[in-house]
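Reviewing the structure listed below.
The values are calculated or read from the model by the stated rules, or taken from the named source; none is laboratory data. None of these values were measured; they are calculated from a predicted model. Cβ atoms come from the backbone with ideal geometry, glycine included; neighbour counts cover every protein chain shown. Keep in mind that these areas ignore ligands, DNA and RNA; they rest on the heavy atoms of the full protein, side chains included. Shrake-Rupley method; radii C 1.70, N 1.55, O 1.52, S 1.80 Å.
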There are 2 protein chains.
Amino acid sequence: METKDLFIKSLLEKDKKLLYEILDEIYPIDIAIILEEIEEDLLLVFCQMMDKKRLAEVIEQSELTLQKSILEHFSMSDIIEIFSYMSNDDIADIIGELPFQLRKDILRYMNKSESNEIEHLLGYAPDTAGGIMTTEYLALKGDLTVQEAIVKIKQIGPRTEVLDVIFVLDKAKRLVGTVELRDILIADERSTLYDIMNDNVISTYPDEPQDIVSQLVSKYDLTVIPVINRRGALLGIITVDDIIDVIVEEHTEDLLGLGGVSKEERVHSTLSDSVKKRLPWLIVNLATAFLGSLVISSFEEIISQVVVLAAIMPIIAALGGNSGSQSLSVVIRALTLGELDLKEDWTLISKQLFIGLITGLSVGSTAGLIIFLRYKNIYLSLIVILAMTGSLIIGSIFGFLIPVILKSLGIDPALASSIFLTAITDVSGFFVFLGLAKLFMPFLL
Amino acid sequence: METKDLFIKSLLEKDKKLLYEILDEIYPIDIAIILEEIEEDLLLVFCQMMDKKRLAEVIEQSELTLQKSILEHFSMSDIIEIFSYMSNDDIADIIGELPFQLRKDILRYMNKSESNEIEHLLGYAPDTAGGIMTTEYLALKGDLTVQEAIVKIKQIGPRTEVLDVIFVLDKAKRLVGTVELRDILIADERSTLYDIMNDNVISTYPDEPQDIVSQLVSKYDLTVIPVINRRGALLGIITVDDIIDVIVEEHTEDLLGLGGVSKEERVHSTLSDSVKKRLPWLIVNLATAFLGSLVISSFEEIISQVVVLAAIMPIIAALGGNSGSQSLSVVIRALTLGELDLKEDWTLISKQLFIGLITGLSVGSTAGLIIFLRYKNIYLSLIVILAMTGSLIIGSIFGFLIPVILKSLGIDPALASSIFLTAITDVSGFFVFLGLAKLFMPFLL
């Protein structure tokens, strides 16, 4: 039998021994995934059978909806007990989503020092360093000897989540260095933490956006990054597993944004959810498509005389759009990775111009040749070559400019860029091609 | 003065004291970034001034081109010395890119055990677990006591890269568990590693694709994942910083692939590089655009009679394409994250059909209303509504199907999906709209 079936069997038969055997074999995240798919009444049985500590591990790995459903099955004092096994950042994430009154009640039930820390965490925006940090870490004074540090670690160790890196504070409680656990094991017992610490610490501020923090962690190969205030005092830490979540989240936003879907849609979203999330973008797209249509309408006279123009014009617009998406992907990528410096890199625009020119002439000549073979009209071919080159230059430049401009306006470039780009490449593609056709009309008839 | 200017000054003046002061202040990755931008003769000065150990740290953080330029300044014996400070996976990555003869020479110069390990690493495909793993880790026998383990760690520690997790082997040298360094510090000195180890280890095989490995690390919040063979023997480990690189790389492929750019293009690529990488995709796009154009040509008769059709048809095709990209982004996202089970989720197609139907009717009615207000022809509006609905159903379904089919054929869906999708939505959009117009022709004149 598969693990999932065995798990459900243990719940149906209220077989605690079997349930705990399964729990020993699989990870909390796997349990969370199974729980998301089972019925409400089985979830209740599960909650009744679990001890609070293991339940806390499962909750930490669950999606918000599941977290709420689980907690609904418990009294206030049970919830406080479950929370006592969880780390502060996870508790803050859950509490932050609860109705205001319930949140206040829970915080009042907790012990003062913990509720203070959580209220503090709740004060940071969720997509900043402060919003994703945890306040559980090990910080020691720098004048401790290695021997004294080991005694401290043995005392505090079992209660803290992260211990591979120990943060070293000076007398004013400012963060001055880090010591890795392995250095403590290897070092002379009489040396102080000051002696063995790394004093070149990469750190961040609580209001730093999470994508900037993830760039730091990725660039410097960190497993943990400390968050400090402007005076250098340690406020919390962000561990690499949370950074991976941030990177995956930013990835999702970029990818879905470019496809014209808001970031929350998942492949398993409900039908009405998917429709609600897609429709606004389609309506915006309809508006931009009508813009292109308006351009075509104004040339109806020309098209009715040379109807072959109608068959060729979408090619020009399509290639301009494609060229624009190419620039767009490269730039959005660079913006996400922090590789593009907005001040210094305006010169890159001229590069886009030349890319558009060269690819436009190449693709345009190919298209022009095919058109000539088919319609035997050299002027039509020339128009195609010129229009294609113009269209690709425009696409390539605007594919670069739009995300850069949106970013400098504080708008997420992944979300809005493609809409603006399509509008521009459609309108300009149709206009350049039909405009040229109008100029050369006598030679086309 | 900025760090970079100071750094260059220290090279120009051959000021070793200043250079080493700077090196103490910044990280190897920052030096690597500066080196990528300086002139060849300054790079030579840098190589002459650096001690081999610190140079090795910089090389580990450099791009391949820079790595090669640096190593060119050294003799074979110098290179072997530099390599002695580097980890095996980094050495293998560099050597794997060298000409065959040079590679053989370097391997012959190395000591036998190291060259064996590197040749072994060179045997794995670069985008598999084997290709990104390192063979440097700490593995101890499970019957060692904690006290004995600490002695071993103090002996071996300074020479190994990763020490936060220690791998526990049984008598047959199979991987049976892991112990974290913190557990060793806290545990009773007389207990054995078997007593304190976690025996539920997530591991992977060397031929596993790197994106699957990164999903495991991300799902289970690991900082390191062991690579084992089918008999359970430990072959190597992959650390989380390399996993972050994999995630960022896969992100790049998805994003650029959807935009129609091959994965290697960067915002700072040279002009000819960018053109070479974009042109093939544009030519493919030209071919698919001609397909749509062929459809239009076959309806030229109709268009010449009702020229307004030429202005409306791109709207239908554009919305179909947009609807397709929406499905595409959601599905590619799910495939990258491993959220989509190809066997179980074929039922999702019917969901796509309904999404297409509902959004198609909504967007179609809006468009139909606008068309009616403008051209006062109810039949034209009806055609628009029908064609839009058909086009969005087709886009939505194929946006889902294409990546799923490509994936099951072993083709990277991010790279080829949008080309196929555009071809299908263009051709079908034009065909459905103009076909309906032909049917209702008498009412349009």
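Structure notes:
- Check on B:Gly364, within 25 Å of B:Leu294 (Cα to Cα), modelled with pLDDT of 95 or more and either open to solvent by less than 60 Å² (accessible area, probe 1.4 Å) or of a type in the set (A, V, I, L, M, F, W, C) (or both): yes
- Scope region A:373-392; condition surrounded by fewer than 24 Cβ atoms within 10 Å (Cβ to Cβ) and not hydroxyl-bearing (Ser, Thr, Tyr); matching residues: A:Leu373, A:Arg374, A:Lys376, A:Asn377, A:Ile378, A:Leu380, A:Leu382, A:Ile385, A:Leu386, A:Gly390
- Positions within region A:23-67 being among the hydroxyl-bearing types (Ser, Thr, Tyr) and touching a helix residue (DSSP H, G or I) at 6+ places or on another chain (Cβ under 9 Å), in sequence order: A:Tyr27, A:Ser62
- Every residue from region B:20-55 that is touching a His at 6+ places or on another chain (Cβ under 9 Å) and open to solvent by 60 Å² or more (accessible area, probe 1.4 Å): B:Leu44, B:Gln48
- Filter pass, A:Ala187 being in contact with a Lys or Arg (Cβ under 9 Å, 6 or more places away or on another chain) and more than 9 Å from chain B (Cβ to nearest Cβ): no
- Taken over region B:87-103, the criterion of being surrounded by fewer than 17 Cβ atoms within 10 Å (Cβ to Cβ) and over 14 Å from B:Leu71 (Cβ atoms) is satisfied by B:Phe100, B:Gln101.
- Residue match in region A:228-239 (condition: open to solvent by 10 Å² or more (accessible area, probe 1.4 Å) and either among the aromatic types (Phe, Trp, Tyr) or within 7 Å of chain B (Cβ to nearest Cβ) (or both)): no
- For region A:390-433, the tally of residues that are in a helix (DSSP H, G or I), out of contact with any helix residue (DSSP H, G or I) (no Cβ under 6 Å at 6 or more places or on another chain) and of a type outside the set (Gly, Ala, Ser) stands at 3.
Okay, residues lined up against (1) assigned to a helix (DSSP H, G or I); (2) closer than 19 Å to B:Pro226 by Cβ; (3) modelled with pLDDT under 85:
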residue	(1), (2), (3)
B:Ile80	yes, no, no
B:Leu98	no, no, yes
B:Tyr137	no, yes, no
B:Ala149	yes, yes, no
B:Pro158	yes, no, yes
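- Here B:Glu301 fulfils each of the conditions (1) modelled with pLDDT under 85; (2) out of contact with any Leu (no Cβ under 6 Å at 6 or more places or on another chain) apart from (1).
Every residue, every condition in (1) crowded, with 24+ Cβ neighbours inside 10 Å; (2) within 30 Å of A:Gln210 (Cβ to Cβ); (3) more than 10 Å from chain B (Cβ to nearest Cβ), yes or no:
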site	(1), (2), (3)
A:Gln326	yes, yes, no
A:Leu335	no, yes, no
A:Glu339	no, yes, no
A:Ile355	yes, no, no
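- Residues of region A:187-229 that are more than 24 Å from B:Asp241 (Cβ to Cβ) and part of a helix (DSSP H, G or I): A:Leu193, A:Tyr194, A:Asp195.
- Yes/no for B:Ile411 being at pLDDT 95 or above and of a type outside the set (D, E, K, R): no
- Checked against the criterion of being open to solvent by less than 30 Å² (accessible area, probe 1.4 Å), within 30 Å of A:Val176 (Cα to Cα) and within 14 Å of chain A (Cβ to nearest Cβ), region B:10-19 contains not a single residue that satisfies it.
- Looking at B:Glu249, B:Glu253, B:Glu189, just one residue is outside the structural domain of B:Val168 (by TED's automatic domain parsing) and surrounded by fewer than 16 Cβ atoms within 10 Å (Cβ to Cβ), and that residue is B:Glu249.
- Counted residues, region B:291-301 - those being surrounded by fewer than 19 Cβ atoms within 10 Å (Cβ to Cβ) and among the hydrophobic types (A, V, I, L, M, F, W, C): 2
- If you go through region B:44-91 and keep only what is touching a Lys or Arg at 6+ places or on another chain (Cβ under 6 Å) and of a type in the set (Asp, Glu), you end up with just B:Glu81.
- With respect to (1) buried (at least 16 other Cβ atoms within 10 Å of the Cβ); (2) at pLDDT 85 or above; (3) within 14 Å of chain A (Cβ to nearest Cβ), the lone exception for B:Val162 is condition (2).
- Test: residue in region B:270-283 that is open to solvent by 50 Å² or more (accessible area, probe 1.4 Å), within 29 Å of B:Glu249 (Cβ to Cβ), outside any helix (DSSP H, G or I) and more than 7 Å from chain A (Cβ to nearest Cβ): yes
- Exactly one residue out of B:Ile31, B:Ile59, B:Ile26 is more than 27 Å from B:Ser77 (Cβ to Cβ) and in the same structural domain as B:Ser84 (by TED's automatic domain parsing), and it is B:Ile26.
- Answer from B:Leu291, B:Leu328 - the residue that is assigned to a helix (DSSP H, G or I) and at pLDDT below 90: B:Leu328
- For B:Thr204, the criteria (1) in contact (Cβ under 8 Å) with a residue 24 or more places away in the chain; (2) open to solvent by less than 30 Å² (accessible area, probe 1.4 Å); (3) at the interface with chain A (Cβ under 10 Å from one of its Cβ atoms) hold in every case but one, which is (3).
- Looking across A:Leu107, A:Leu66, A:Leu44, one residue alone is at pLDDT below 90, over 28 Å from A:Pro206 (Cβ atoms) and assigned to a helix (DSSP H, G or I). It is A:Leu66.
- Candidate set from region A:398-416 (those that are in contact with a Leu (Cβ under 7 Å, 6 or more places away or on another chain) and open to solvent by 30 Å² or more (accessible area, probe 1.4 Å)); member that is farthest from A:Ser325 (Cα to Cα): A:Ser408
- Residue that is most open to solvent (accessible area, probe 1.4 Å) [pool: residues in region A:302-316 that are under 20 Å from A:Leu392 (Cβ atoms) and either at the interface with chain B (Cβ under 7 Å from one of its Cβ atoms) or free of Cβ contacts under 8 Å to residues at least 40 places away in the same chain (or both)]: A:Pro314
- In region B:104-134, the residue that is farthest from B:Glu189 (Cα to Cα) out of those that are open to solvent by 30 Å² or more (accessible area, probe 1.4 Å) and among the hydroxyl-bearing types (Ser, Thr, Tyr) is B:Tyr109.
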